[in-house]
Amino acid sequence: MSRREAPPDAFGRTAREYELGRPLWPEELLDRIVSDLELRADAAVLDLGAGTGKLTRALVPRFERVVAVEPDDAMRAVLREVVPRAEARRGSAEAIPLEQGEVDAVFSGEAFHWFATPEALAEIVRVLRPRGALAVFWNIGLEYPDLGEEAEALIDETMERGGMPGLPRVLSGEWRAPIAAAGFEELREDELERELVTDREGWIANLLSVSSIAAQPNEDRTAFAARLRELVPPGELRRRVNTVAYWTRLRD
Ligand SMILES: C[S@@+](CC[C@H](N)C(=O)[O-])C[C@H]1O[C@@H](n2cnc3c(N)ncnc32)[C@H](O)[C@@H]1O
């Protein structure tokens with residue numbers, strides 16, 4: 001990649017904005033995957049790279065035991081507050097704080113591209129029971145609100161300064177090979193397109209939570225948000241996203 005990438009540990013600086021600005025995961029898509037994987041309500045599952053628990057909160061009503069592993073203290077603090085029924089643990093994909101064969105499935109929302117390495121996959125396989133499942137999700141932006149030339153130039157320039165966000169890594173599909181090499185069946189996939197409606201503050205929070213903006217100094221982010229408030233009038237903002245999901249099981 002020609003441009004420097006924003007670091008994967010940037011999110012914690014904007015944990016509150018992350019919680020405010022990022023969408024929930026679509027229940028309907030989750031239902032389809034849980035059903036296809038034949039995961040039962042008494043299953044134990046892991047949410048890896050759980051952040052503030054956007055995916056965790058959808059797993060808690062579905063499964064008896066939900067462990068949420070997140071390396072960033074600020075993100076985990078929000079998760080504990082918002083999803084108290086999950087077992088929030090400090091850890092990473094490279095060092096998962098679970099015993100061998102402890103979970104039936106590993107879920108990961110908007111995070112797997114940060115740690116799709118043979119090392120992390122070996123950890124995922126270690127904590128999974130035989131025939132255990134892996135399901136990964138991303139939101140891919142399709143259409144954005146028209147904010148006017150000046151606001152859009154400001155956003156482009158600010159993103160450029162902060163390094164590339166994770167999306168190109170997702171779209172490259174380079175995260176697939178380590179899954180196949182770790183002994184999983186062929187990936188199955190599904191998607192769900194939806195419109196997301198936010199107010200201006202939700203929209204700004206979403207922008208501030210993107211890794212390439214989250215990675216910048218506090219004063220720069222504050223100035224960026226203040227300038228956006230001058231350029232974008234309050235009111236509803238609509239965008240379209242495609243939520244993509246990929247899932248598989250360990251081979252026999
Ligand atoms: C974009 S957030 C996704 C959060 C949440 N899963 C969601 O659905 O919104 C990516 C998360 O991955 C975490 N992360 C980054 N590197 C990681 C690693 N090596 N192992 C586990 N989590 C990691 C970050 O701290 C961040 O909270």
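Here are a few things to note about the model shown:
- Averaged over residues, the count of other Cβ atoms within 10 Å places the peptides 229-242, 121-134 in the sequence 121-134, 229-242, highest first.
- Computed helical MRE - 222 nm, the chain, DSSP H runs ≥ 4 contributing -39500 (n - 2.57), nearest 500: -10500 deg cm²/dmol
- Our estimate of slack between residue 36 and residue 251, defined as 0.36 nm per intervening residue step minus the Cα-Cα distance, is 75.8 nm.
- An oblate overall shape is assigned to segment 60-104, the ratio a/c of its alpha-carbon gyration tensor axes (a ≥ b ≥ c) being 1.5 or greater and a/b not exceeding b/c.
- Distance between modelled label sites at residue 230 and residue 201, nm, 7 Å Cα→Cβ extension: 2.1
- Pair residue 74, residue 129: separation of 7 Å Cα→Cβ label points (nm): 3.8
- Taking Lys and Arg as +1 and Asp and Glu as -1, the other residues whose beta-carbon sits under 10 Å from that of residue 96 total -2.
- Relative protection proxy for 40-53, 74-87, from highest mean packing down: 40-53, 74-87 (other beta-carbon atoms within 10 angstrom).
- Local electrostatic count, residue 134, Cβ distance below 14 Å [Lys/Arg +1, Asp/Glu -1]: 0
- Shape of the chain, Cα gyration tensor, a/c cut at 1.5: prolate
- Gyration tensor (alpha-carbon) shape descriptor, segment 134-199, a/c threshold 1.5: oblate
Every number in this text was worked out from the coordinates using simple rules, so none of it is lab data. This structure is a prediction, so every number in the text was calculated from the model and none was measured. Cβ sites come from the backbone with ideal geometry, for glycine too, and all protein chains shown count toward neighbours.
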